[in-house]
1. Looking at ALA35, is it under 14 Å from GLY8 (Cβ atoms) and crowded, with 16+ Cβ neighbours inside 10 Å?
2. Go through region 19-116 and tell me which strands (runs of 3 or more DSSP E), entirely inside it, have 2 or more residues that are free of Cβ contacts under 8 Å to residues at least 40 places away in the same chain.
3. Just to verify a result, which residue in region 66-95, among those that are open to solvent by 70 Å² or more (accessible area, probe 1.4 Å) and among the hydrophobic types (A, V, I, L, M, F, W, C), is nearest to the chain's Cα centre (by Cα)?
4. Can you name the residue in region 10-26 that is touching a Gly at 6+ places or on another chain (Cβ under 9 Å) and farther than 15 Å from GLY90 by Cβ and, of all such residues, is surrounded by the fewest Cβ atoms within 10 Å (Cβ to Cβ)?
5. Looking at (1) of a type outside the set (Ser, Thr, Tyr); (2) touching an Asp or Glu at 6+ places or on another chain (Cβ under 6 Å); (3) at pLDDT 95 or above, can you tell me which one ARG115 breaks?
6. Would it be correct to say that GLY63 is at positive phi and more than 13 Å from the chain's Cα centre (by Cα)?
7. What residue, among those in region 96-107 that are within 12 Å of the chain's Cα centre (by Cα) and open to solvent by 20 Å² or more (accessible area, probe 1.4 Å), is nearest to LEU4 (Cα to Cα)?
Amino acid sequence: LVKLNFDGAFLDASMTGAWGFIARNHEGQGLLAGAGRLQPAHDAVCAEAEACRAALQAASMHGITHCQIKTDSTILVTALKSRSYDQAIGGVLFKVLRDLISLEFVQVEIMFSPRS
C-alpha cells in the first residue's frame with residue numbers, strides 16, 4: 001500500500017497557486033514526489049484537487065494500483081467519496097479524480113489527515 005500525501009496552496013490576490021505531493025511505501029520511504037505551479041487557480045480546494053490529480057497520475061504511471069490518499073481538506077474528501085460538490089467550481093475536476101480512481105486503481109482509501 002502506497003501512501004499519497006499532497007497539498008495545494010492558493011494566493012487570492014493573484015489567483016495563482018501551487019501543489020506538491022510525495023508517495024511513500026509502507027516503511028515511509030519516499031517513492032515519488034512532484035511539485036508545480038497553478039496559473040490560474042480558482043480557490044484553495046481546486047489547488048488541493050490539482051495536487052491530488054498530480055499524485056494519482058504519477059502513481060498510475062508508475063504502476064501503483066493500491067494507495068491511501070491523505071489530505072487536510074474535508075471538502076476534497078467529501079468530493080472524492082460522493083457527488084456532493086459536483087456543482088461547485090471544482091466539480092468537473094472532482095469528477096475527473098473519481099474517474100481516475102475508478103479506472104486506474106484497484107484499491108484507494110481516502111482519508112482526512114489534519115495538518116497538526
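1. Working: under 14 Å from GLY8 (Cβ atoms): yes; crowded, with 16+ Cβ neighbours inside 10 Å: no.
Answer is no for this residue.
2. On the way: elements: 30-38, 66-71, 107-112.
Output list reads 30-38.
3. Step one: filter region 66-95 for residues open to solvent by 70 Å² or more (accessible area, probe 1.4 Å), giving 66, 74, 81, 83-85, 87, 89, 92, 95.
Imposing the further condition that a residue be among the hydrophobic types (A, V, I, L, M, F, W, C) reduces the set to 89, 92.
Numbers: ILE89: 16, VAL92: 14 Å.
Result: VAL92.
4. Filtering region 10-26 down to residues touching a Gly at 6+ places or on another chain (Cβ under 9 Å) leaves 10-11, 17-24.
Subsequent filtering for residues that are farther than 15 Å from GLY90 by Cβ retains 11, 18, 20-24.
Values: LEU11: 13, ALA18: 18, GLY20: 16, PHE21: 24, ILE22: 16, ALA23: 22, ARG24: 17.
Within region 10-26, the match that is surrounded by the fewest Cβ atoms within 10 Å (Cβ to Cβ) is LEU11.
5. Only one criterion in (1) of a type outside the set (Ser, Thr, Tyr); (2) touching an Asp or Glu at 6+ places or on another chain (Cβ under 6 Å); (3) at pLDDT 95 or above is unmet by ARG115, namely (3).
6. yes
7. Narrowing region 96-107 to residues within 12 Å of the chain's Cα centre (by Cα): 96-98, 100-101.
In the following step, the residues that additionally are open to solvent by 20 Å² or more (accessible area, probe 1.4 Å) were identified as 96, 98, 100-101.
Values: VAL96: 18, ARG98: 15, LEU100: 15, ILE101: 13 Å.
Per the stated criteria, the residue is ILE101.
The values are calculated or read from the model by the stated rules, or taken from the named source; none is laboratory data. Just so it is clear, the model here is predicted, and its values are computed rather than measured. Ideal geometry is used to build each Cβ from the backbone, glycine not excepted, and the neighbour counts take in all protein chains shown. Note: accessible area is taken over every heavy atom of the protein model, side chains too, but ligands, DNA and RNA are not part of it. Shrake-Rupley method; radii C 1.70, N 1.55, O 1.52, S 1.80 Å.
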